[in-house]
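FYI, it's all coordinate maths here, none of it is from the lab. Every value quoted in this text rests on a predicted model; they were computed, and no experiment measured them. Virtual Cβ from ideal backbone geometry, glycine too; neighbours counted across all protein chains shown.
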Amino acid sequence: MCALDAAGFAADESTLAETPSRLALREDLLKMQGPATEALRQFYRDHVLGDPGETLSRYVAFALLAGPPPEFRFQVKRELLPPDVLALEGFQQVLVNFYLEALLEKRWATIEPEYARAAARYQSPLRRTVTVTNAYLRELLKPVYNRTFTVYVEPLVGSRTIFRNNGDHYGIVVGAGSQIPIDEIRHAYLHFILDPLPLRHRKEVESKSALLNLAARAPRLPVQYQTDFLTLTDECLIKAVELRLRHLSAAQLDSALAEADQSGFVLVRPLVAQLQKFEKAEPAMSYYFPDLIAGVDVAAEQKRLKKISYAAATTAADQKQDAAGSKAQASELESWLAEGNRQIAAQDAAAAEATFEKALAEYPADSRRNRPALRTRPYWPGRMCILGGSMIWKASAISLWLSIMLRSPSGAGRKPLT
């Protein structure tokens, strides 16, 4: 990101207002002179795209795959690099030279505290999101070192979010502004949890592929879903889970399902119906998934979809207006979980238990409609027990927190995204 600053990337400097040291560094880098810096600027001019967001995404993709400075060697084989990173052929050596000339290792020390503060703001909402999501899916993840989900905080991205995965390594880059993009983070995390399931049960999913032809007729369906039924199923499942997590009213749910149908995500409606059955069952989603897919009636869906009028393709102006109008709404359940987490942090076990009991009583569907059995299972984020005066947190949050790295771009031996 420092290289983009020096190269003259057109960042919205208002998004850096909450990180004044980072803004000062950007201004200093823009004034830099030297052979390595001039070579960097020439490379940037030769590879800049018309859309600043696409330009930024390309360099972020490079940064996520590059190793630590000063070599910045790729952490995967060349044949596994995505096309937008391959398009930056030669940037690696340009970056090495600029890193040394700009003395970035010393400069990092001046801005590291701001990155740490920005990352700390994400911990509570991210923990809450992970806890609620994992409780709903009844998944208790153990630390698996070959699968990672990382949230990177980088002020330069502003209000954008950039989500990437390289094999089993998932990363989302977010800004440091006042609005935390929790919906986008949850969507990325659901990909991390659910992406393996359609691949693991390819035969069961492909048995429903006759629905792809109907979905592909929707003008609004993104091109990546029009020919790949596994990917379409995965995205529809994620959208369906998101709808269930939002606890919508009947009217709101009907409206959301109609929009999904009209946009070509035709599996969202039947998968929501199957999720309602899942909520009353016992197994975790990783075990229940084949039953979820088996419950989709292809013939019935084909008959239903013949009556659907697909929405016209949206213009770029429409997409910007929709994005500006969408805001995350914290549910009552999430608010209670946040309060319980605060009480745990304050070592007030009795108050935290009372808060989670209230959530259990109010949302029986989320507690699997079986409170006595729940007390012996680690599904729900609010169960705890007192042993010898110590509070033992028996929640998915702790196990998940071990498997999720929330860190600023300098974490775990890495320098900032350069």
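At a glance:
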item: Alpha-carbon radius of gyration plus Dmax, which is the widest Cα pair, for region 56-123 in Å; result: 14.0, 37
item: For region 258-302 versus region 111-164, the gap between their alpha-carbon centres in whole angstrom; result: 28
item: Length released on extending from residue 116 to residue 73, taking residue separation times 0.36 nm less the Cα-Cα span; result: 13.0 nm
item: About the Cα centre, charge dipole magnitude for region 2-118 (Lys/Arg +1, Asp/Glu -1 at Cβ), debye; result: 260
item: Residues 1, 32 arranged by fewest to most Cβ contacts within 10 Å; result: 32, 1
item: Contour minus Cα-Cα distance for residue 168 and residue 247 (0.36 nm per residue); result: 25.4 nm
item: Computed magnitude of the charge dipole of region 182-325 (debye, nearest 20; Cβ of K, R +1, Cβ of D, E -1); result: 380
item: Residue 147/residue 24 FRET efficiency (R0 30 Å; Cβ-Cβ; nearest 0.05); result: 0.20
item: Full-extension gain in nm, residue 109 to residue 97, via 0.36 nm per residue minus C-alpha separation; result: 2.4 nm
item: Simple label model, 7 Å out from Cα along Cβ direction - residue 297 to residue 45, nm; result: 6.5
item: Label-point separation, residue 38 to residue 307 (7 Å along Cα→Cβ), nm; result: 7.1
item: Amide proton proximity set for residue 152, modelled H, under 5 Å, gap of 5+; result: 172, 173, 174
